[in-house]
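**Student:** Encoded as structure tokens, here's the structure I'll be asking about.
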Amino acid sequence: MKAKTTEGRAIDLKQDTLDGLKMRLRGPVLLPGDVGYEESRTVWNAMIDRSPALIARCVSSEDVIHAVKFAREQNLLVSIRGGGHNIAGNAVCDDGLMIDLSLMKGVQVDANARRASVESGCTLADVDAATQAHGLATPLGINSTTGVAGLTLGGGFGWLSRKYGMTVDNLLSADVVTADGRKVHASETENADLFWGLRGGGGNFGIVTRFEFQLHPVGPDVLSGLIAFPFDQAKSVLTQFARFTKTMPDDLNVWVVARKAPPLPFLPENVIGKEIVALILFYAGQPTEGEKLIEPLRRFGTVLGEHIGVQPYTAWQQTFNPLLTPGARNYWKSHNFSRLGDGAIDTLIEYAGKLPSPQCEIFIGTIGGQAGRVAPEATAYSSRDANYVLNVHGRWESASEDQRCIAWAREFFAKSRPFASSGAYINFLTQDETDRIAFAYGTTYDRLVALKKKYDPTNFFRMNQNIKPA
């Protein structure tokens, strides 16, 4: 069968060579036409349509080691799939070897030590379910189908980040298969330089097969929900949002989204399909205290509808899954902001007023708090001044809409750039933004290049937001 090398050269993989790999792996090796091949190569973003020459579905660290050594022996292009949720689609390569970790879904919780051991194929839902059985959690994202591995390696933030920091701030150790096929342990005391790079450096330095996270008391019931306002009041709502989020306590997190109203039962029927601005809130402390803190939010404008209450943390983590189902075409552009002034707010309102698809939206995730108290160079993720992360989320159904929706996202991105701060969230970069990688890492980039040269001098791991070893 035909395959592609790291240099793009076509080679022929003999049957006995493939049989040798199959004999070494406990998990299946899939070829085009095999049952499960199409499902394995299909990722969340439908704009990604690539076909690996073969897929190694690993079930253990040993499988990953064998797959890496096989790829090195054959000089194959390699991609790594965890949850397959990343916008850039780097989980899948054309004509190379895809190492699929999605069968590795074990989670072990030590409730007394407040630690969790998490395999690299887990989604947020897998971890939330296991940890919440003990009333514990670690900061992860906002969509429970997201893969833990990709989220963590890019930095990771969500509802708990203001109280407990970024996901990487809660990573205690990791087991890693390096580019030369060795399994190493990385922590503050062992391979500390690698551990530093894993906390935000993406998949550049190896394949993490197991993560160890610090856990914190959360829930199991939390106060959370959404308040919707008319779009013609967006300037007032966003201005008050910017002011309110500067001083709110770490237990409280409030995000904002501008989009066309989906058919939610608490919204009037005449609002559905029209532009709205909504506040999304989460309180990590006692719900009764949270109720007092969120009361001012209702006075930001004329409330069209709200859905706020006490619910299980695991349920809240799944609230936005229906708006982020796989199979749609997605294109993102993102900025960091240390503050939200009139320029940024006016630009957001302008482009939220001309959404090119009913599923497109602009959201601002609020970070700050504990995440901003960590020194910028303590981890590879250095954007500690990012109090807000804006994501221009283009989402639509058909390829015929690509040009219009992508143009909208790019125009808004360019017009809002003058108001942005330094750095960028690496997990939000699309496949056409390789020119922003050094900018995204900022002050840590040179150190990351040196680390890449040490652990992956041939750039074996290149299907990522790539840091070149030179």
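**Student:** It is to be established whether one or more residues within the range 447-465 are farther than 22 Å from Lys4 by Cβ, at pLDDT 95 or above and of a type in the set (S, T, N, Q).
**Tutor:** No, the conditions are met nowhere in the range 447-465.
**Student:** Does Tyr381 satisfy the criteria of being more than 16 Å from Lys246 (Cβ to Cβ) and among the aromatic types (Phe, Trp, Tyr)?
**Tutor:** Values: more than 16 Å from Lys246 (Cβ to Cβ): yes; among the aromatic types (Phe, Trp, Tyr): yes.
For Tyr381, the condition - more than 16 Å from Lys246 (Cβ to Cβ) and among the aromatic types (Phe, Trp, Tyr) - is met.
**Student:** For residues that are on the phi < 0 side of the Ramachandran plot and in contact with a helix residue (DSSP H, G or I) (Cβ under 9 Å, 6 or more places away or on another chain), tally how many sit in the range 410-423.
**Tutor:** First, the residues of the range 410-423 that are on the phi < 0 side of the Ramachandran plot: 410-422.
Retained after the next criterion (residues that are in contact with a helix residue (DSSP H, G or I) (Cβ under 9 Å, 6 or more places away or on another chain)): 411-412, 415-416, 418-420, 422.
Looking only at that region, the number is 8.
**Student:** So how many residues does the range 334-353 have that are crowded, with 19+ Cβ neighbours inside 10 Å and in contact with a strand residue (DSSP E or B) (Cβ under 7 Å, 6 or more places away or on another chain)?
**Tutor:** 9
**Student:** Can you give me the number of residues within the range 8-58 that are in a strand (DSSP E or B) and within 15 Å of Val68 (Cα to Cα)?
**Tutor:** 5
**Student:** Within the range 373-470, which helices (runs of 4 or more DSSP H) (wholly inside it) include 1 or more residues that are within 24 Å of Val256 (Cα to Cα) and touching a His at 6+ places or on another chain (Cβ under 7 Å)?
**Tutor:** Helices (runs of 4 or more DSSP H) meeting the threshold: 402-416.
**Student:** Oh, and also: Please determine, by comparing only the residues of the range 159-168 that are of a type outside the set (Lys, Arg) and crowded, with 24+ Cβ neighbours inside 10 Å, which one is farthest from Pro139 (Cα to Cα). Working first, answer last.
**Tutor:** Within the range 159-168, the first condition is being of a type outside the set (Lys, Arg), and the residues that meet it are 159-161, 164-168.
Filter once more, so that each one left must be crowded, with 24+ Cβ neighbours inside 10 Å: 159-161, 165-168.
Details: Trp159: 7, Leu160: 5, Ser161: 6, Gly165: 7, Met166: 6, Thr167: 5, Val168: 9 Å.
The residue in question is Val168.
**Student:** Considering the range 358-372 alone, what residues qualify as being of a type outside the set (A, V, I, L, M, F, W, C) and assigned to a loop (DSSP other than H, G, I, E, B)?
**Tutor:** Within the range 358-372, Pro358, Gln359, Gly368 qualify.
**Student:** Let me ask something additional. Under the condition of being among the hydrophobic types (A, V, I, L, M, F, W, C) and within 22 Å of the chain's Cα centre (by Cα), which residue from the range 307-325 is farthest from Ile227 (Cα to Cα)?
**Tutor:** Filtering first and then ranking leaves Leu324.
Each row is one residue, and each column tells you yes or no for (1) under 17 Å from Asn86 (Cβ atoms); (2) crowded, with 24+ Cβ neighbours inside 10 Å; (3) out of contact with any strand residue (DSSP E or B) (no Cβ under 6 Å at 6 or more places or on another chain).
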residue: Ala113; (1), (2), (3): no, no, yes
residue: Ser117; (1), (2), (3): no, no, no
residue: Ser120; (1), (2), (3): yes, yes, no
residue: Ala133; (1), (2), (3): no, no, yes
residue: Pro139; (1), (2), (3): no, yes, yes
residue: Ile142; (1), (2), (3): yes, no, yes
residue: Gly150; (1), (2), (3): yes, yes, yes
residue: Gly156; (1), (2), (3): yes, yes, yes
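**Student:** Within the range 126-170, restricting attention to residues that are of a type in the set (Gly, Ala, Ser) and in contact with an Asp or Glu (Cβ under 8 Å, 6 or more places away or on another chain), which residue is modelled with the highest pLDDT?
**Tutor:** Residues of the range 126-170 that are of a type in the set (Gly, Ala, Ser), as a first pass: 129-130, 133, 135, 137, 141, 144, 147, 149-150, 154-156, 158, 161, 165.
Then drop every residue that is not in contact with an Asp or Glu (Cβ under 8 Å, 6 or more places away or on another chain), which leaves 137, 144.
Details: Ala137: 98, Ser144: 95.
Filtering first and then ranking leaves Ala137.
**Student:** Out of everything in the range 248-275 that is under 25 Å from the mean Cα position of the chain (by Cα) and among the β-branched types (Val, Ile, Thr), what residue ends up being farthest from Gly135 (Cα to Cα)?
**Tutor:** Val257
**Student:** Report, ordered by the first and then the second residue, all pairs with beta carbons closer than 7 Å, sequence separation of six or more or different chains, a first member in the range 11-26 that is more than 16 Å from Asp63 (Cα to Cα), and a second member that is surrounded by 12 or more Cβ atoms within 10 Å (Cβ to Cβ) and among the β-branched types (Val, Ile, Thr).
**Tutor:** Going by the 7 Å Cβ cut-off, the qualifying pairs are Ile11/Thr5.
**Student:** Considering only residues that are farther than 25 Å from Arg384 by Cβ and buried (at least 22 other Cβ atoms within 10 Å of the Cβ), which ones fall in the range 169-178?
**Tutor:** Val177 - this is the single residue of the range 169-178 that is farther than 25 Å from Arg384 by Cβ and buried (at least 22 other Cβ atoms within 10 Å of the Cβ).
The values are calculated or read from the model by the stated rules, or taken from the named source; none is laboratory data. Predicted, not measured: the structure shown is a model, and the values here were computed from it. We place every Cβ from the backbone using ideal geometry, glycine too, and count neighbours over all the protein chains shown.
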